[in-house]
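Written out below as structure tokens is the structure these notes cover.
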Ligand SMILES: Nc1ncnc2c1ncn2[C@@H]1O[C@H](COP(=O)(O)OP(=O)(O)OP(=O)(O)O)[C@@H](O)[C@H]1O
């Protein structure tokens with residue numbers, strides 16, 4: 001289980017206070033809430049990229065102690081952000097972007113296949129592909145190390161309905177195969193109603209039922 005317990009986090013001052021949430025293996029948990037209510041901050045805390053002021057994050061029973069990009073527990077958590085263009089080096093081809101976390105690059109073809117990226121697209125750079133194609137590459141990269149948990153922070157905001165459905169389908173298939181837990185963050189409550197088993201909100205500590 002990936003969990004946050006009584007997390008208070010923010011920047012100069014807290015933006016989220018005493019927030020708790022659990023993502024069990026195999027489960028898809030939604031996180032909704034208005035703009036600025038701290039969803040992305042919570043995503044970064046759970047991905048061990050942002051240290052909370054107080055509270056704990058546990059991953060499969062281990063309490064996180066380090067919040068940094070190379071924290072050992074981070075390989076258990078894959079992250080997908082809203083704007084793929086900000087998370088891929090513009091000099092990289094999609095092939096190189098997907099291969100980034102891998103030692104053995106043989107897996108790139110299989111990952112590209114999984115997210116339905118064709119061979120010709122793999123040799124292009126971010127400015128030569130659409131947002132949806134780039135987000136597919138980011139999903140392949142996020143799944144490269146077979147994470148136990150996947151955090152999707154507004155992953156579909158820039159995408160059309162069919163690309164959104166395709167990416168959600170890829171994630172569901174990955175989950176069915178690996179029993180990974182997924183945290184889906186979105187302001188789109190209709191998407192979360194379809195996608196998540198249970199949805200939490202940063203607007204209050206109330207749990208919204210499906
Ligand atoms: N790096 C930062 N430094 C200072 N303040 C920040 C930083 N990142 C976010 N904030 C502030 O923290 C608050 C919560 O932001 P956050 O991005 O977590 O909210 P959100 O719910 O994800 O919003 P949105 O739905 O608009 O993406 C906002 O008031 C924002 O301005």
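What follows draws every value from the coordinates through simple rules; no lab data is involved. Just so we're clear, the structure is a prediction, and the values are computed from it rather than from any experiment. Methodologically, a virtual Cβ is constructed for each residue, glycine included, from the backbone with ideal geometry; neighbour enumeration extends over all protein chains shown.
Which residues among region 161-183 fall inside the zone where the amide N is under 16 Å from a point 7 Å beyond the Cα of residue 131, along Cα→Cβ?
Flagged as within label range: 161-168.
Suppose R0 equals 25 Å. What FRET efficiency, 1/(1 + (r/R0)^6) with r the Cβ-Cβ distance, do residue 92 and residue 160 give to the nearest 0.05? Spell out each step's value before the answer.
Numbers: r = 24 Å, r/R0 = 0.98.
After rounding, the FRET efficiency stands at 0.55.
Given a Förster distance of 25 Å, report the FRET efficiency between residue 25 and residue 123 from their Cβ-Cβ distance, rounded to the nearest 0.05. Could you put the intermediate results ahead of the total?
Working: r = 36 Å, r/R0 = 1.46.
That gives a FRET efficiency of 0.10.
Can you give me the angle between helix 161-178 and the longest principal axis of the chain, using Cα atoms only, in degrees from 0 to 90, rounded to the nearest 10?
Tilt of helix 161-178: around 80 degrees.
How compact is region 2-208 by the rule of thumb for globular proteins, expressed as Cα Rg over 2.2 N^0.38 Å? Let's see the in-between values first.
Details: Rg = 16.4 Å, N = 207, 2.2 N^0.38 = 16.7 Å.
Here the Cα radius of gyration is 0.98 times the empirical estimate.
Tell me, how many Å apart are the Cα centres for region 1-72 and for region 155-203?
Using only Cα atoms, the two centres lie 18 Å from each other.
Under a plain spin-label model, where a point goes 7 Å from the Cα along Cα-to-Cβ, how far apart in nm are residue 17 and residue 113?
Going from the residue 17 label point to the residue 113 one covers 5.3 nm.
Within the chain, what percent of beta bridges assigned by DSSP are antiparallel, to the nearest 5? Working shown, then result.
Numbers: 15 of 32 bridges.
Antiparallel bridges make up about 45 percent of those DSSP assigns within the chain.
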